[in-house]
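Note sheet for the following structure.
The values are calculated or read from the model by the stated rules, or taken from the named source; none is laboratory data. Keep in mind that this is a model prediction, so the values were computed, not measured. All Cβ positions, even for glycine, are placed from backbone atoms using ideal geometry, and neighbour counts span all protein chains on display. All accessible areas refer to the heavy atoms of the entire protein, side chains included, with ligands and DNA or RNA removed. Shrake-Rupley method; radii C 1.70, N 1.55, O 1.52, S 1.80 Å.
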Amino acid sequence: MHDNEVRMYCCGLTVYDYAHLGNIKIYINEDVLKRALMHAGYKVKHVMNITDVGHLTSDADTGEDKMEIGSKREGKSAWEISKYYTKHFLEDLKKVNVLMPDIMPKATETIPEQIELIKKIEKNGYTYRTEDGIYFDTSKLKDYGKLSRLKKEGLKAGARIGMGEKRNPTDFALWKLSPSDSKRQMEWDSPWGKGFPGWHIECSAMSMKYLGETFDIHCGGVDHIPVHHTNEIAQSEAATGKEPVRFWVHGEFLVVGKEKMAKSAGGFRTLQTLIDAGIDPLAYRYFCLTAHYRSQLMFDIGAVRSAQLGLSRMRKFVERLAEVRESATKKDVLKLMDRTKGEFRKFIEDDLNTPRALALISDFMREINAMMDRNALGREDAKRIYELMLDFDRVLGLKLGETSKEAVPEDVQKLILEREKLRKEKKFKESDSIRNKIKEIGWEVLDTPKGPKIKKI
Ligand code: AMP
Ligand code: ZN
């Protein structure tokens with residue numbers, strides 16, 4: 001919408017717990033989109049919020065505030081919980097080389113803007129009051145639910161139960177009043193009484209404040225399509241009469257077995273679980289790139305270890321290029337480079353097809369490696385290829401230019417991978433003998449309920 005600038009909003013984490021690997025997948029997907037836009041020459045204004053109030057356990061506006069759950073669980077205030085997990089979340093993002101957003105507003109710091117927005121929606125006649133809050137009347141919008149192509153009739157039939165005073169099953173809270181019998185840790189005065197904002201209004205208010213009433217791209221996970229983002233559209237349109245977002249980009253789930261990875265289900269895996277298992281966080285990033293962002297990605301620690309080997313191969317390739325001293329130059333190398341460069345761009349511009357881009361680079365490396373084996377690659381060409389790899393990395397974000405001093409050496413990684421395969425097949429005798437081999441090299445594998453831990457002896 002604005003010449004060379006793309007304005008992009010991403011729903012941030014609800015900071016009542018550590019980010020799980022599913023959350024991190026989405027932020028990696030979004031980062032690839034941002035990097036691809038930058039690579040194509042756009043300036044990106046990137047806003048990601050921090051959800052630190054109002055995200056309830058149920059999408060039907062009932063249940064507890066997740067921040068209060070975190071607070072009870074740890075015996076700390078909701079504010080302390082938010083501060084701790086926000087810090088941790090940002091550290092996780094850095095570890096997987098996600099470029100930091102330009103602005104990171106907290107929901108609790110944007111309350112006046114949220115109240116103003118609700119006032120506008122109220123003035124335009126879209127709200128009603130119940131005993132516990134101010135609600136949005138979704139029947140007043142002709143095309144409510146267009147983002148997920150919701151069928152209102154079907155919803156009405158099934159969802160009457162637990163509706164309370166809501167007029168329609170899809171209606172949602174803009175402002176929830178604090179309960180009269182207990183005191184909330186996070187609450188604010190408002191024209192409707194003391195309370196707290198609904199989760200959806202937060203994102204509408206924050207995106208509008210920093211990016212305008214209509215902006216280019218809004219991102220999130222697919223779970224946000226039917227409720228959170230559908231309601232963001234409804235609110236913004238009711239307030240401004242304009243469509244808030246030009247393009248919605250949703251990433252698919254990281255799944256474990258048949259279930260999506262979720263915090264509320266317990267036993268979720270974090271980046272730290274991978275680090276403890278001797279895995280480089282950037283190998284997790286590589287693993288995420290091996291699937292298209294709109295395909296589900298199956299979590300499997302063996303597959304993440306294979307991704308780590310893939311990443312090592314790429315890094316070693318780049319290092320090897322820097323060491324080429326031959327003076328030969330061949331025309332066909334330049335042709336191969338040009339073709340690879342063009343195809344890479346084509347794959348990325350085709351809805352961010354990172355798996356095809358990785359496969360392309362892998363073929364390219366094979367050909368160039370074969371040339372280096374024959375001492376047939378000249379120094380000047382090697383330099384160009386080195387630059388090309390770093391150029392690809394502006395989109396992939398794998399830190400290919402950094403030397404490959406892995407925390408856990410490649411031979412140990414390979415043995416661990418082999419051992420995990422054997423354990424899956426219940427070949428424990430063989431897997432134990434591999435564990436001993438690993439020990440001989442100086443590393444110890446511990447199997448814990450949270451997954452394997454790798455330690456230097
Ligand atoms: P939340 O902390 O629930 O607000 O979620 C933060 C982001 O993670 C949102 O964009 C969600 O859509 C996304 N998300 C949650 N669970 C998963 C999962 N298992 N796989 C991928 N993304 C997820
Ligand atoms: Zn949001």
**Prompt:** In segment 427-457, which residues are outside any helix (DSSP H, G or I) and open to solvent by 90 Å² or more (accessible area, probe 1.4 Å)?
**Reply:** Pro449, Lys450, Lys455, Lys456, Ile457
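Kindly evaluate Gly75 against the criterion of being open to solvent by less than 80 Å² (accessible area, probe 1.4 Å) and either within 16 Å of Asn168 (Cα to Cα) or touching a residue at least 24 places away in the same chain (Cβ under 8 Å) (or both).
no
Rundown of residues vs (1) open to solvent by 80 Å² or more (accessible area, probe 1.4 Å); (2) touching a Gly at 6+ places or on another chain (Cβ under 7 Å); (3) under 29 Å from Glu410 (Cα atoms); (4) free of Cβ contacts under 8 Å to residues at least 40 places away in the same chain, yes/no style:
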position	(1), (2), (3), (4)
Val304	no, no, yes, yes
Ala307	no, no, yes, yes
Lys316	yes, no, yes, no
Glu319	no, no, yes, no
Val324	no, no, yes, no
Ser327	yes, yes, no, no
Lys331	yes, no, no, yes
Met337	no, no, yes, no
Thr340	no, no, yes, no
**Message:** Which numbered condition in (1) of a type outside the set (Val, Ile, Thr); (2) in a helix (DSSP H, G or I); (3) within 16 Å of ligand 2 (Cβ to nearest atom); (4) closer than 19 Å to Lys183 by Cβ is the only one that Ser71 fails?
**Reply:** (3)
**Message:** Criterion first (more than 17 Å from Arg313 (Cβ to Cβ) and in contact with a Lys or Arg (Cβ under 9 Å, 6 or more places away or on another chain)) does Glu380 satisfy it?
**Reply:** no
**Request:** Only residues in segment 1-20 that are farther than 16 Å from Lys34 by Cα count as the first member; pair them with residues that are within 7 Å of ligand 1 (Cβ to nearest atom) and not in a strand (DSSP E or B), Cβ under 6 angstrom, at least 6 apart or cross-chain, and list the lot.
**Result:** Leu13/Asn23; Thr14/His55; Ala19/Leu13; His20/Met261
**Prompt:** Do you know which residues across segment 99-153 are open to solvent by 40 Å² or more (accessible area, probe 1.4 Å) and assigned to a helix (DSSP H, G or I)?
**Reply:** Glu109, Pro112, Glu113, Glu116, Lys119, Lys120, Glu122, Lys123, Ser139, Lys140, Lys152, Glu153
**Prompt:** Taking the condition modelled with pLDDT of 90 or more and either open to solvent by 10 Å² or more (accessible area, probe 1.4 Å) or within 16 Å of ligand 1 (Cβ to nearest atom) (or both), does Thr57 pass?
**Reply:** no
**Fill in**
Of the conditions (1) buried (at least 16 other Cβ atoms within 10 Å of the Cβ); (2) within 16 Å of ligand 2 (Cβ to nearest atom); (3) within 19 Å of the chain's Cα centre (by Cα), the single one that Phe215 does not satisfy is (3)
**Message:** Just to check your reading of the model, which residue among Gly63, Gly12, Gly22 is within 14 Å of ligand 1 (Cβ to nearest atom), at pLDDT 95 or above, in a loop (DSSP other than H, G, I, E, B) and out of contact with any Gly (no Cβ under 7 Å at 6 or more places or on another chain)?
**Reply:** Gly12
**Asked** Conditions: (1) within 13 Å of ligand 2 (Cβ to nearest atom); (2) farther than 21 Å from Lys142 by Cβ; (3) in contact with a Ser or Thr (Cβ under 8 Å, 6 or more places away or on another chain). His224 meets all but one. Number of the miss?
**Response** (3)
**Fill in**
If we take segment 199-311, then strands (runs of 3 or more DSSP E) inside it with 3 or more residues that are under 30 Å from Pro169 (Cβ atoms) are 215-221, 245-251
**Complete:** Taking segment 410-457 and keeping residues at pLDDT 85 or above and among the basic types (Lys, Arg) leaves Lys414, Arg419, Lys421, Arg423, Lys424, Lys426, Lys427, Lys429, Arg435, Lys437, Lys439
**Prompt:** Taking into account only those residues within segment 25-56 that are touching a residue at least 60 places away in the same chain (Cβ under 8 Å) and assigned to a strand (DSSP E or B), which is nearest to ligand 2 (Cβ to nearest atom)?
**Reply:** Thr51
**Fill in**
Condition set within 11 Å of ligand 1 (Cβ to nearest atom) and at pLDDT below 95, scope segment 229-261, selection most open to solvent (accessible area, probe 1.4 Å): answer is Glu259
**Asked** In segment 78-98, what residues are within 22 Å of Ala36 (Cβ to Cβ) and open to solvent by 10 Å² or more (accessible area, probe 1.4 Å)?
**Response** Lys94, Lys95, Asn97, Val98
**Asked** Residue check: is Ala376 closer than 16 Å to Ile279 by Cα and small (Gly, Ala, Ser)?
**Response** no
**Request:** Find the residue count for segment 371-401, including only residues that are among the aliphatic types (A, V, I, L, M), part of a helix (DSSP H, G or I) and open to solvent by less than 40 Å² (accessible area, probe 1.4 Å).
**Result:** 8
**Flag for Glu367 being of a type in the set (Asp, Glu) and not in a helix (DSSP H, G or I)** = no
**Message:** Restricting to segment 246-267, name every residue that is touching a residue at least 60 places away in the same chain (Cβ under 8 Å), within 16 Å of ligand 2 (Cβ to nearest atom) and hydrophobic (A, V, I, L, M, F, W, C).
**Reply:** Trp248, Val249
